[in-house]
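**Student:** Below is one structure. I have some questions about it.
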Amino acid sequence: MIKKVISLILCLLALTGFSACSDSTAVGTKNKITTYTLKNWYSISEGNSIWNYNKHCKDSDKMIEIVEFETEEELKNKLSTELMSGKGPDLISADCLSAAGISYEKLIDQGCFVDINEVIKADTSQDQLNLSDYNEKALQSGVINGKRYFIPFYFMPNFCVASQQELEKYINADTKSLSYNDIIKINDKINEEKSDKVISSNADGYIWSYVYDNVDFINKTYNFDGEFSSTAEKLKELKGTGDKIKEELLQEFVISPYQIYEYCAEIEKYGETARIIGKPSIDTDVLSAQMCGIYFINKNSAKKQDILEFIKYALSEKEQNDVAGTDIEKYDNTTSYYDGSYFPVNKKSYKSLMNNAKKLKYLDDTIKISNESVEQLENILAQISDFQFSQSTNYMTEVGSELISDYVDGKISISMFVEDLKTKTKIYMEE
Amino acid sequence: MTRKRKDYLTAFLFVLPSLIGIAIFYVVPYIICIIKSLYIGQEFVGLINYIQLFSNNTFILALKNTVIFTVVAIPLLMIISFLIALFLNSFKKILSFFRSAFLIPVVVPVASLICVWQVVFDDYGAINGLLNTLGIDTVEFFSSEFSMGMIIFIYVWKYCGFCVILFTAGLANVPKSLYEGAKLDGANSFQLVTKVTIPMITPTTFFVFLIEIIYSFKIFREVFALFGNYPNEHIYFLQNFINNNYYNLNYPRLSSASIILSVFIIIILLVFFIFERKHSFSE
Amino acid sequence: MKQDKYKKMAMKFGALFFVVVLFLTYFSKTIDNLLLPKVKVSDVITGSLSEYPDTMHTHYLLPLSSVVSEEVYVIFTDEKGEVTVNAVSVNICGSNDLYYEVTSESLFSDMQVVYKTSKEIFDGDRVYVEEGE
Amino acid sequence: MKKIIKCIFLLLVTAIFLFPVVYMIACSFMSSSQISKMLDFANGEYKDLNMIPEMFTLEQFYQVLFRRPEYLLKFWNSVIITLPTVIGQVVVSSFAAFAFAKLKFPFRDKLFFIYIVLLILPLQVTLVPNYIILDNMNLLNNFLAIILPGTFSTFGICLLRQSIKYIPDSSIEAARIDGASYFRIFTRIIIPQIKGGLITLTLLCFIDNWNVVEQPLIYFEENSMYPLSITMADISNSDYGIIFACGVMFMIPALVIYFYGHKDINLSIYDIEK
């Protein structure tokens, strides 16, 4: 008799247990789309696609509910546990993942996100999302081993602006994009001439981007051999402007179209011709850009179609025009922070952005960007083939930054630095 | 009902509350973990997860480090706490404070401990200061093979107290008569210990061994706080591997690694269990 | 027996500790506010002392004691009801025996300005606002 | 002479074990500037473990007790989480340990082996399934989410089985002959004799639940329900000024239990003949 009682209780318990572990439990009955973010760091504010979408939404239950977390630790634990147990927020932004310290490229391998192509196929509403009227190369970067995990809304080209006459003294004329050796050569020449010029304000950041460029997260390859150590040794010495105001050879801080126009117009004011050139990178014949507005759809979410509406809105010509600022008459960099911040992915708004550039006036209406510079920008933009994530992956926060800062401060030697970098990257990649 | 059946029922009633709780909160998760380690996403893949694990160098490295830690730290802690227990036992009259003073380290909260260990072990910490004055060049406790030594020190320092108390309890249960008998045949103090004491406290050693394994998992809160999630290769343990995979949301790999870890420990326990069955006199 | 002495002592100390913490928790908000610097605030009034005010910038009238070396402390209340002060620089255009006439880009008419404080305050400090004149 | 060397050696060993604790308590009286100087490793000279504060101040305790109301509120969250768990675990474990140690029933040793195996499962593995189970029992965002798994941990059972085994069977057989039910045997004979084991279990279980970090972070939604152990973990990288004082305050309850029972911890586990 006792054995019967025991077996009954045990199988009852097993039943509750099994029912608990079925994977595709729908995410709660709340009808609103949910997304997570970290308070006061990546908090969704003015100018963010979600903020604009919520303003655009008429009925409130279509709006996106933003759940804010106090600390990174809390966000990291909650997000990972919920996603693994078949729940979690519907919309997951790459910013939120990098804020939580979760490496989004590993989540893509796990298949935690939905293939957007299927969601588009299953879309029954009238205005279908037609992928052909968007920048193919940018959208293609969202497709990883055959599945489209995200559609980038905007991109920022990895360009810098310099005056042709200045640049010619250091490197030959037709280089399309700078390499790290060019940077070293320029730096040596500047030191020889003892001129008070400096390469660029964030020259001390080159060592960081150099390490980052040597690691390919999607195909899990990295290369710290060969001339990596010699280049790293030289890049370590580079100093930014620091507190002294020095004249910069390269204008690095270039994110929005209007910043490029402004620097070109300034250079042209002194009668020199403006030169737009790719930022230093490993592979100099590949021009790259950074994608932003990257949003994944949680595979456990039951509101995939509503999220598609959000994506459609964010990609719509009206929204892309607002953010890219295609109808700005007069650009004054102190006030208009939000409009004109990124390059749009939508082809129509991209065209109207370029046309608007020609009509634009700057700096108390005295100067205007020349049409040649706008053409130069257009055809260099067309050559961009490599679109990267703009968010720093968990690799930099956990492995890269500590090692690099120790190395730059001289705490560890170059051989120790390279050896540690190799072992820790190997562990990170193969985990 | 027969008397035997009645005894079973009362015994079962005593165990029932813990049985239910454990079934819900420990047995079911274990089963879920085993099941999930056989799946990737939705489809059943069988042992692929385990095969993949053994071909993964990070896992092999983590397993190697964990084996080194277990093989060195646990016996070391056992020997040290046994010696301290013996040493305490040799005092005729002793303040009871000294007996359990070793238990206090367990009480200290982790956050403040981290600061203390940093001051002691950092490249510019107290130990390196001492070494420097003696002319020996600094030992990087945080990024070389010595970090394993540092973790073992922290582990022994924190959990020695409890093992000392368990051994003291075990030592006290050795009947006095055995000691007198051995002394009669002229056993000196060293033979006394090896011939009489050690065989007699095997059940306690088994229990201490079990406690040490459990606490070897709990030490990892300090290790994560001191060395971060990606420490240098000498101290990358299975717990780091499991924890990092937790945040990579790779539940199949995480659960298969944990199953391998528990199988690895169960085998050792079985060996001890059988060994204890054969040699236990006190039962 | 000596053993019980330890037990009684420990029990008493434990009970005392928990009671003290309970007392502190209950009064924690009041104690905290008591120790905060007490400030008195007045609203920012727009207006000008001279007869023909210039219309380019809005002029504000601030109590004499609120402006210290071209700086004014403005209070800001967050959703939890905690009040913090931020220093705002102003340029003084004129004054009489009661008010300063100032202009400032980051000063708005719905703000409140600190004109009397019990302790020295710095930018970003939490303060306790006392009512009444 | 031999005795003096032994005493010195004893003091030395105890000093090594208690040094960090004493150092921590000493640091809690230092001013926050001295602490941040102590913990700043960039300036290149070696740290010496001086325990004498430059300026003896209770500033840290003043900050923790008077100027941070949320710390005190979270202290009570820790108490709400820990007290029921400890009581629950002691009660459940003592019942089950008695059965495992002294009573005979089928599969006893196999079941006990399963209990030991369940102890070794790493925490990360049980977090996700427990999250699903608690969600189905909609216990999430509720203190029970930590109390229940804590109460039924098998650690207490293994520990108390060890101390109950030391009680000779003769006393139980005698009571059995007088017709005492197992329950009365349990309360009259077993409990008084394993007071040491109970105290040790209380102390260790208290410490485990007092320093719990992962479970509350995951199972609780509201920030106001977090125990003090989570803020303690955050302190270590924000303001160093109050880390030691908060640590000492956090340690006092555990020390109280220790001093309450430190006589029993040694006495009753083994002193049956003595």
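The values are calculated or read from the model by the stated rules, or taken from the named source; none is laboratory data. Since we're looking at a predicted model, the values are computed, not measured. Methodologically, a virtual Cβ is constructed for each residue, glycine included, from the backbone with ideal geometry; neighbour enumeration extends over all protein chains shown.
**Student:** For segment D:26-40, how many residues are in contact with a helix residue (DSSP H, G or I) (Cβ under 7 Å, 6 or more places away or on another chain) and either at pLDDT 90 or above or buried (at least 18 other Cβ atoms within 10 Å of the Cβ) (or both)?
**Tutor:** 5
**Student:** Of (1) buried (at least 21 other Cβ atoms within 10 Å of the Cβ); (2) at the interface with chain D (Cβ under 10 Å from one of its Cβ atoms), B:Gln118 satisfies all except one. Which?
**Tutor:** Result: B:Gln118 fails condition (1) only.
**Student:** Can you tell me which residues in segment A:101-115 are buried (at least 18 other Cβ atoms within 10 Å of the Cβ) and either of a type in the set (Lys, Arg) or not in a loop (DSSP other than H, G, I, E, B) (or both)?
**Tutor:** Across segment A:101-115, the qualifying residues are A:Tyr104, A:Glu105, A:Lys106, A:Leu107, A:Ile108, A:Gln110, A:Phe113.
**Student:** Based on what the data block shows, is A:Ser85 crowded, with 22+ Cβ neighbours inside 10 Å and under 26 Å from A:Asn40 (Cα atoms)?
**Tutor:** no
**Student:** Quick check: anything in segment D:186-198 farther than 24 Å from B:Pro203 by Cα, more than 11 Å from chain B (Cβ to nearest Cβ) and part of a helix (DSSP H, G or I)?
**Tutor:** There is at least one residue in segment D:186-198 that is farther than 24 Å from B:Pro203 by Cα, more than 11 Å from chain B (Cβ to nearest Cβ) and part of a helix (DSSP H, G or I).
**Student:** Right, C:Tyr52: over 18 Å from the mean Cα position of the chain (by Cα) and modelled with pLDDT under 80 or not?
**Tutor:** Answer is yes for this residue.
**Student:** Separate question: Being surrounded by 17 or more Cβ atoms within 10 Å (Cβ to Cβ) and in contact with a Lys or Arg (Cβ under 7 Å, 6 or more places away or on another chain) narrows it down to one residue among C:Val83, C:Val102; which is it? Give the steps one after another, and end with the answer.
**Tutor:** On the way: C:Val102 fails: in contact with a Lys or Arg (Cβ under 7 Å, 6 or more places away or on another chain).
From the options C:Val83, C:Val102, the qualifying one is C:Val83.
**Student:** Against the definition (at pLDDT below 90, under 30 Å from D:Ile132 (Cα atoms) and of a type in the set (A, V, I, L, M, F, W, C)), how does B:Leu38 come out, yes or no?
**Tutor:** Against the criterion (at pLDDT below 90, under 30 Å from D:Ile132 (Cα atoms) and of a type in the set (A, V, I, L, M, F, W, C)), B:Leu38 qualifies.
For every residue, the table says whether it meets (1) part of a loop (DSSP other than H, G, I, E, B); (2) on the phi < 0 side of the Ramachandran plot; (3) in contact with a Leu (Cβ under 7 Å, 6 or more places away or on another chain).
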{"residue": "B:Lys92", "(1), (2), (3)": "yes, yes, no"}
{"residue": "B:Cys115", "(1), (2), (3)": "no, yes, yes"}
{"residue": "B:Ile127", "(1), (2), (3)": "no, yes, no"}
{"residue": "B:Ser143", "(1), (2), (3)": "yes, yes, no"}
{"residue": "B:Gly149", "(1), (2), (3)": "no, yes, no"}
{"residue": "B:Phe162", "(1), (2), (3)": "no, yes, yes"}
{"residue": "B:Phe167", "(1), (2), (3)": "no, yes, no"}
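**Student:** Which residues, counting only those in segment A:130-165, are in contact (Cβ under 8 Å) with a residue 24 or more places away in the chain and farther than 26 Å from A:Glu378 by Cα?
**Tutor:** A:Ile144, A:Lys147, A:Arg148, A:Tyr149 - these are the residues of segment A:130-165 that are in contact (Cβ under 8 Å) with a residue 24 or more places away in the chain and farther than 26 Å from A:Glu378 by Cα.
**Student:** Here is a further query. Looking at segment B:162-189, I want the residues that are closer than 27 Å to D:Asp208 by Cβ and have a partner that is of a type in the set (Asp, Glu) and part of a helix (DSSP H, G or I) with Cβ atoms under 9 Å, at least 6 apart or on another chain. Which pairs are those?
**Tutor:** B:Cys163/B:Glu212
**Student:** Taking D:Leu160, is it within 10 Å of chain B (Cβ to nearest Cβ) and surrounded by 22 or more Cβ atoms within 10 Å (Cβ to Cβ)? I'd like the intermediate steps shown before the answer.
**Tutor:** Details: within 10 Å of chain B (Cβ to nearest Cβ): no; surrounded by 22 or more Cβ atoms within 10 Å (Cβ to Cβ): yes.
Considered against the rule, which asks whether it is within 10 Å of chain B (Cβ to nearest Cβ) and surrounded by 22 or more Cβ atoms within 10 Å (Cβ to Cβ), D:Leu160 comes out as no.
**Student:** While we're looking at this one, here's another question. Inside segment D:163-182, can you point out the residues that are within 11 Å of another protein chain (Cβ to nearest Cβ) and in a loop (DSSP other than H, G, I, E, B)?
**Tutor:** D:Tyr166, D:Ile167, D:Pro168, D:Ser181
**Student:** Pick from D:Asp178, D:Asp135: which is surrounded by 15 or more Cβ atoms within 10 Å (Cβ to Cβ), acidic (Asp, Glu) and without any contact (Cβ under 8 Å) to a residue 40 or more places away in the chain?
**Tutor:** Working: D:Asp178 fails: surrounded by 15 or more Cβ atoms within 10 Å (Cβ to Cβ).
So the residue among D:Asp178, D:Asp135 that is surrounded by 15 or more Cβ atoms within 10 Å (Cβ to Cβ), acidic (Asp, Glu) and without any contact (Cβ under 8 Å) to a residue 40 or more places away in the chain is D:Asp135.
**Student:** Something else about it: Do any helices (runs of 4 or more DSSP H) entirely within segment B:207-283 hold 3 or more residues that are more than 14 Å from chain A (Cβ to nearest Cβ), and if so, which?
**Tutor:** B:220-227, B:251-279
**Student:** Got a sec? Which of B:Thr168, B:Thr133 is β-branched (Val, Ile, Thr) and out of contact with any helix residue (DSSP H, G or I) (no Cβ under 8 Å at 6 or more places or on another chain)?
**Tutor:** Details: B:Thr168 fails: out of contact with any helix residue (DSSP H, G or I) (no Cβ under 8 Å at 6 or more places or on another chain).
Answer to the selection: B:Thr133.
**Student:** Hey, does segment A:181-204 have a residue that's under 25 Å from A:Ile384 (Cβ atoms), in a strand (DSSP E or B) and assigned by TED's automatic domain parsing to the domain that holds A:Arg275?
**Tutor:** Checking segment A:181-204: not a single residue is under 25 Å from A:Ile384 (Cβ atoms), in a strand (DSSP E or B) and assigned by TED's automatic domain parsing to the domain that holds A:Arg275.
**Student:** Let me ask something else about it. Does segment D:171-208 hold any residues that are among the hydroxyl-bearing types (Ser, Thr, Tyr) and either modelled with pLDDT under 85 or on the phi > 0 side of the Ramachandran plot (or both), and which are they?
**Tutor:** D:Ser171, D:Ser181, D:Tyr182
**Student:** Can you pull out every residue in segment D:92-110 that is more than 8 Å from chain B (Cβ to nearest Cβ) and modelled with pLDDT of 90 or more?
**Tutor:** D:Ser94, D:Ala97, listed by residue number.
**Student:** Hey, another quick one. Could you list all residues from segment A:116-168 that are small (Gly, Ala, Ser) and part of a strand (DSSP E or B)?
**Tutor:** Selection gives A:Ala162, A:Ser163.
**Student:** Of all residues in segment D:4-21, count the ones that are more than 7 Å from chain B (Cβ to nearest Cβ) and either within 17 Å of B:Phe153 (Cβ to Cβ) or touching a Cys at 6+ places or on another chain (Cβ under 6 Å) (or both).
**Tutor:** Number satisfying all stated conditions: 4.
**Student:** Within the bounds of segment D:137-145, is there any residue that is under 29 Å from D:Lys263 (Cα atoms), away from chain B (no Cβ under 11 Å) and not in a loop (DSSP other than H, G, I, E, B)? It would help to see each step written out before you state the result.
**Tutor:** Looking only at segment D:137-145, we keep the residues that are under 29 Å from D:Lys263 (Cα atoms), and these are none.
For segment D:137-145, residues under 29 Å from D:Lys263 (Cα atoms), away from chain B (no Cβ under 11 Å) and not in a loop (DSSP other than H, G, I, E, B): absent.
**Student:** I'm trying to understand the selection: among the residues of segment A:143-172, which are within 23 Å of A:Thr284 (Cα to Cα), at pLDDT 85 or above and surrounded by fewer than 17 Cβ atoms within 10 Å (Cβ to Cβ)?
**Tutor:** Once the filter is applied, which keeps residues that are within 23 Å of A:Thr284 (Cα to Cα), at pLDDT 85 or above and surrounded by fewer than 17 Cβ atoms within 10 Å (Cβ to Cβ), segment A:143-172 yields nothing.
**Student:** Among the numbered criteria (1) over 27 Å from the mean Cα position of the chain (by Cα); (2) outside any helix (DSSP H, G or I); (3) within 13 Å of chain B (Cβ to nearest Cβ), which single criterion is violated by D:Leu121?
**Tutor:** Evaluating D:Leu121 over (1) over 27 Å from the mean Cα position of the chain (by Cα); (2) outside any helix (DSSP H, G or I); (3) within 13 Å of chain B (Cβ to nearest Cβ) leaves (1) as the failure.
**Student:** While we're on this one: Quick one: A:Met291 ticks every box in (1) modelled with pLDDT of 85 or more; (2) outside any strand (DSSP E or B) except a single one, so which number is it?
**Tutor:** Here A:Met291 meets the rest and fails (2).
**Student:** Next question, about the same structure. From D:Ile52, D:Ile87, grab the single residue that is more than 7 Å from every other protein chain (Cβ to nearest Cβ) and either in contact (Cβ under 8 Å) with a residue 24 or more places away in the chain or closer than 30 Å to B:Trp117 by Cβ (or both).
**Tutor:** Checking each option against the conditions leaves just D:Ile52.
**Student:** Right, here's the next one. Among the residues of segment D:46-66, which ones are farther than 18 Å from C:Val19 by Cα and buried (at least 16 other Cβ atoms within 10 Å of the Cβ)?
**Tutor:** Correct list: D:Tyr46, D:Lys47, D:Leu49, D:Glu59, D:Gln60, D:Gln63.
**Student:** Considering only residues of segment D:207-235 that are more than 12 Å from chain A (Cβ to nearest Cβ) and part of a loop (DSSP other than H, G, I, E, B), which is nearest to B:Ser112 (Cα to Cα)?
**Tutor:** D:Asn211
**Student:** List the pairs whose first member sits in segment A:227-238 and is assigned to a helix (DSSP H, G or I), whose second member is buried (at least 19 other Cβ atoms within 10 Å of the Cβ) and of a type in the set (Ser, Thr, Tyr), and whose Cβ atoms are under 8 Å apart, counting only residues at least 6 apart or on separate chains?
**Tutor:** Listed by first residue and then by second, the contacts come to A:Thr231/A:Tyr180; A:Thr231/A:Tyr210; A:Ala232/A:Tyr210; A:Ala232/A:Tyr407; A:Leu235/A:Tyr180; A:Leu235/A:Tyr206; A:Leu235/A:Tyr210; A:Lys236/A:Tyr407.
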